[in-house]
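Here is the structure we will look at, set down as structure tokens.
The values are calculated or read from the model by the stated rules, or taken from the named source; none is laboratory data. Predicted, not measured: the structure shown is a model, and the values here were computed from it. With ideal geometry, Cβ positions are generated from the backbone for all residues, glycine too; neighbour counts draw on all protein chains shown. All accessible areas refer to the heavy atoms of the entire protein, side chains included, with ligands and DNA or RNA removed. Shrake-Rupley method; radii C 1.70, N 1.55, O 1.52, S 1.80 Å.
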Amino acid sequence: MISAARTNKLQRGFTLIEIVMVLAIAAIVMGGAVGLMVASSDERVLRNISGEIELLAKRARTIAILNQTPYALEFRESVVRLLPLAQAGADLKKGELESEIASADSSRQINLDNGVEISIRRSNSEEWFNTKKNSVHVWRFDPDGLCEPISVRIALDKSWAEDTYHPLTATINDSVIEAR
């Protein structure tokens with residue numbers, strides 16, 4: 001009688017080359033995912049700051065109209081503040097500025113994180129003015145509802161966002177963002 005049982009000599013499993021190839025592909029996919037997460041993190045920070053500046057601009061316009069007094073946004077190295085135009089741009093000593101920033105109403109200022117830089121471009125200029133080295137830039141809002149047409153550039157490492165504001169509504173008219 002002949003036996004019906006056969007022995008299968010095929011080996012089951014993966015070769016070392018197949019395992020290495022799968023791990024290499026997984027590493028490439030994970031590297032790309034981490035790169036996208038970092039870029040989206042910068043983009044999220046830029047969009048948040050941009051939205052906060054737009055909100056302050058709308059608030060400045062509204063307060064100026066309601067109080068019939070010119071208001072301003074003051075751009076400094078580490079903060080953007082909403083205050084009456086008469087107080088904006090005052091030359092304060094470092095200790096005085098820090099105490100004012102600490103005591104200010106959080107709905108009237110934006111504290112900028114380390115690494116975030118803001119530059120301003122006036123409507124009649126092609127040059128960007130940085131807010132570094134104790135410089136102060138003032139964006140005026142008149143009681144009739146008008147404001148100066150201005151562009152704000154927010155930079156974080158190699159990523160940046162540029163917002164151009166409408167002079168009648170103080171809202172973002174045009175926005176360009178590049179997150180790297």
Next on the checklist: With every protein chain left in place and a probe of 1.4 Å, what is the accessible surface of Arg180, to the nearest 10 Å²?
Outcome noted: 150 Å²
Checklist outcome for this item: A chain fully extended from Val116 to Val176 at 0.36 nm per residue, minus the present Cα-Cα distance, gains in nm 19.9 nm
Checklist outcome for this item: From highest to lowest solvent-accessible area (probe 1.4 Å; ligands, DNA and RNA excluded), Asp91, Asp163, Asp174 read Asp91, Asp174, Asp163
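Between Arg44 and Glu127, what FRET efficiency comes out of the Förster formula 1/(1 + (r/R0)^6) with R0 = 25 Å and r the beta carbon distance, rounded to 0.05? Write out the running numbers ahead of the final one.
Details: r = 29 Å, r/R0 = 1.16.
The calculated FRET efficiency here is 0.30.
If you average over every viewing direction, what projected area does the convex hull of the Cα atoms of the stretch 122-179 give, in nm²? Before the final figure, lay out the partial values.
Working: hull surface 19.0 nm².
For the stretch 122-179, averaging the hull's shadow over all directions gives 4.8 nm².
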Item to check | Proximal aspartates and glutamates to Lys133, defined as alpha-carbon separation beneath 12 angstrom and excluding residues fewer than eight positions away on the same chain | outcome: Glu77, Glu117
